[in-house]
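Below is one structure, written out as structure tokens, with a few remarks after it.
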Amino acid sequence: MMQCFTFKAPALMFFLRNVVKGCPYYRVEGKNEHRGSTHVSWTRLVKVYVYNETIELVKGHHAKAKVNGNFAATPISLSNGTVQVYESGFSVIVSTDFGLEVSYDTNHHVRISVPYTYQNATCGLCGDFNNIRDDDFRTRQGEVVSSDVVFANSWQASGDDEPGCEPQCGGLDCAVCTEDQTALYSDNAHCGILQNISGPFAACHQRFPPQMFVESCVYDLCVGAGYQPLLCQALNAYASQCQQNGIQLPNWRRQGFCEIPCPSNSHFESQGTGCPATCANPNSTQNCPLPNQESCICNSGYILSCWGLCPSF
């Protein structure tokens, strides 16, 4: 079940944690930042606490993660193999033996999944996993509220003294979309392409209805004055959700529209392997258990290094 609301403060927030004994403990936190506008914020840091390990996924840091304070190149195996950190497509993923998976595209999009053994046993911004959407705005104090800002503020993590964490507006007071803007950014040349039944994302509609993605996309374009990279990020978020669940889409990118610049000695593939060969594991593509992902694939004669580049080998 997806949770959709607007919160703009650059605070350290509880995304999700478990609340019952008997299951392995975990906690996922996220830190936002403003990028040119205080009307909207993007995730710049994700922290995963599990099995006495602290794993940080950091904006702009591909093929690496910070483990207990120090950066290390992926793939990383921790706690006797019970925690794995690896790169798949353009995302860095933390996966545990009990089914927690945290994926961050090192730019703005975070995806968290837990198995059904944690049903009715989670709390945080992602909700309580009881399949009742009406009570997902439950504060840390246990009160169900209607205000997204009151709800989000209750889940601010301790120890965050960064100025500006207090929101300046809430709910509809933050909305800046006019009717004309909403109509424009909802058309098939913008966010509406996500729900076009004959468009490139149609194969994913049944599994993941796109309406919430469209609404979020339209809002971002309104506050960002139609800035195309915001549209590309929104489309990529939906496409990534689909691909990570094994739903392959046709290439929706084109020249001059959401193109992916790849490093030297590599090229873009819309359905690249989810397990790219690396210096540490040159045979990782064999028997890869992960679905294909959009990715930059090293050219023949080159292999992915620990810093996300493709030197010759």
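The values are calculated or read from the model by the stated rules, or taken from the named source; none is laboratory data. Not measured: the values here are computed from a predicted model. All Cβ positions, glycine included, derive from the backbone under ideal geometry; neighbour counts span all protein chains shown.
See the values below:
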quantity	calculated
Val150 vs. criteria hydrophobic (A, V, I, L, M, F, W, C) and at pLDDT 80 or above	yes
Verdict on Thr74 being in contact with an Asp or Glu (Cβ under 6 Å, 6 or more places away or on another chain), touching a residue at least 60 places away in the same chain (Cβ under 8 Å) and among the polar types (S, T, N, Q)	yes
Residues (under 19 Å from the mean Cα position of the chain (by Cα) and more than 19 Å from Val102 (Cα to Cα)) located in the stretch 117-138	none
Those residues of the stretch 203-258 which are touching a Lys or Arg at 6+ places or on another chain (Cβ under 8 Å) and either acidic (Asp, Glu) or outside any helix (DSSP H, G or I) (or both), in sequence order	Asn245, Ile247
Filtered residue count, the stretch 251-262, keeping only those that are exposed (fewer than 15 other Cβ atoms within 10 Å of the Cβ) and more than 14 Å from Gly89 (Cα to Cα)	6
Counted residues, the stretch 100-121 - those being surrounded by fewer than 20 Cβ atoms within 10 Å (Cβ to Cβ) and at pLDDT 90 or above	1
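Yes or no, residue by residue, for (1) farther than 23 Å from Ile260 by Cβ; (2) in contact (Cβ under 8 Å) with a residue 12 or more places away in the chain:
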position: Asp187; (1), (2): yes, no
position: Gly192; (1), (2): no, yes
position: Ala203; (1), (2): no, yes
position: Val218; (1), (2): yes, yes
